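These notes are about the structure you will find just below.
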């Protein structure tokens, strides 16, 4: 088709066509202006030197049109800004033409061009050049012949064949109209209706589409046969989006959404970058804007290091930190690929904004004390955010030694390196699983908290692993921040549920009653930074996670908002089944955020200070020795006894399931098996 052929032309070809068209239109405008003034006197064609004017007009105007950027506008995305640009360019071209003509006449050039023709020429040029572009936009956008006509009943299959898959747009504001324009260009989808809760818009026709209210979604689906609904409300608060999504459940439409207003404003995404419904919208939790003074206190103008910088929390901390403009940001990460990813992203972000931030990608393990000390000392780090940890409960349950060496002794290494290098602030990213833990991961994170609590109370601690005669003045302020699950983190159920829905099910949930606290990664990172700035030393801060969410309810909502139904006893013919696999090793039904019951409020409404028991540093030293020796000897019974005696509330729900421990046990029961395998 001609439309597709024109769209596929190169930018240079499109510009050439526009220039030729403008030359013709300028000549036509000049002829019409002269004819309207002189036609009654028998004038029909240029005479007495007027022919040169038809060359002079385009010769002066076209370079100005190019200079003002009129030919950079894309016809099919033609808008108000482009109209202003055209009006400015046409006016400048006319003024240049009038100036040259008036000067020439003053110099003696005798040409018939009455003064009344000047205004007619300008107005006609504007109408013809602007009008052509408006017509071109309507042509490329399609449906211009039927714009404003009533919405008719549509056959879903027929629409899929002619004009794309039928969809509706929730939100008839600026974002909805931009999305409509993008859909018309793409032709993959055909928008058939708007849904909006503004009573002034309901029942009207916008962009050729009828506007329904939120309560009329059912009748809208019956009228149009749409199977998908695009949520175009980027600036709406999450609480409002939650209400809308709750209302849409059960209508059998697949709901997708355009990105949030901040992502659009930052240029990360475009309006037509459709995505699955953000689970954060289902939670309805509106984040509190960060306090700038707290946010910058430990970052602005300072050298900052993030351990585990390539992880889900660590990488988001880095994104938030660079916005507060530290002098240096050290990315400390043991995964080469994760380090490369976050370094490339931040490097591009800093370069684009021309910020004076030194970005340092360091590969290293927190289990290497010497490496930590060298890096912290070399860049004179002021603040450390310690996000490096093993967090997957069943995985750590099967790999106890690594969990302890990373979560406990890795934290100990980082803390002691911070003391030796006189780091001012040290913030530990902890977890709700540290509260009355039923698993090794949670108990190691609580033990890491105990280490920092103990060190914060020592002015000159005898550092673990050094001789008692060596004292080190402690100038580091240690803070711990505890929170629950974050949406989209590694190991999160959300991506797994989406993949299971995509494959047609079933969705696997461990237990029908299991609940979890959830928070978005950006909000968690912002609160961690602010909590770290409030610490006095040894503080355990707890983030307000809102109400716990049932994982089963979350799975059901995800199914329904995918336009599908849950297959169960009530609806045996549903699309997606939900099965229960049973709690995994170390997994709890319910998570908690506090060991005690007396949290204190802080200056931030979403951050609370926990008052909990601690162990002295002198009492912890022999415990660390015992634990390290037990790990070295693969004595997992001793490891469990040590954790039981040290971590308050630790109550494992299963026996020791470390894979190496179980393998050794099997070999002891059948001593010949291991030898046969080794010989083979």
Quiz item: In segment 527-541, is there at least one residue being touching a strand residue (DSSP E or B) at 6+ places or on another chain (Cβ under 7 Å), in the same structural domain as residue 308 (by TED's automatic domain parsing), more than 23 Å from residue 451 (Cβ to Cβ) and at pLDDT below 90?
Solution: no
Quiz prompt | Residue check, residue 501 over 24 Å from residue 429 (Cβ atoms) and in the same structural domain as residue 312 (by TED's automatic domain parsing) | solution = yes
Quiz item: Would you say residue 546 is out of contact with any strand residue (DSSP E or B) (no Cβ under 6 Å at 6 or more places or on another chain), touching a residue at least 40 places away in the same chain (Cβ under 8 Å) and more than 30 Å from residue 168 (Cα to Cα)?
Solution: yes
Self-check item: Test: residue in segment 141-149 that is assigned to a helix (DSSP H, G or I), at pLDDT 50 or above and either touching a helix residue (DSSP H, G or I) at 6+ places or on another chain (Cβ under 8 Å) or more than 25 Å from residue 32 (Cβ to Cβ) (or both)
Solution: yes
Quiz item: So which residues in segment 184-209 are surrounded by 20 or more Cβ atoms within 10 Å (Cβ to Cβ) and not in a loop (DSSP other than H, G, I, E, B), if there are any at all?
Solution: 184, 189, 190, 191, 192, 193, 194, 195, 209
Self-check item: Matching residues, segment 210-248, being in contact with a strand residue (DSSP E or B) (Cβ under 9 Å, 6 or more places away or on another chain) and in a loop (DSSP other than H, G, I, E, B)
Solution: 213, 225, 226, 227, 232, 233, 234
Practice problem: Go through segment 274-306 and give me each residue that's at pLDDT 80 or above and assigned to a strand (DSSP E or B). | Solution: 303, 304, 305, 306
Quiz item: Considering only residues of segment 29-51 that are part of a helix (DSSP H, G or I), surrounded by 14 or more Cβ atoms within 10 Å (Cβ to Cβ) and free of Cβ contacts under 8 Å to residues at least 40 places away in the same chain, which is farthest from the chain's Cα centre (by Cα)?
Solution: 35
Quiz item: Looking only at residues in segment 307-333 that are in contact with a strand residue (DSSP E or B) (Cβ under 6 Å, 6 or more places away or on another chain) and assigned to a strand (DSSP E or B), which one is farthest from residue 372 (Cα to Cα)?
Solution: 328
Quiz item: Can you name the number of the only condition in (1) at pLDDT below 95; (2) crowded, with 17+ Cβ neighbours inside 10 Å that residue 355 fails?
Solution: (2)
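The values are calculated or read from the model by the stated rules, or taken from the named source; none is laboratory data. What you see is a predicted model; the values in this text were computed from it and never measured. For neighbour counting, all protein chains shown are included, and Cβ atoms are generated from backbone atoms with ideal geometry for every residue, glycine included.
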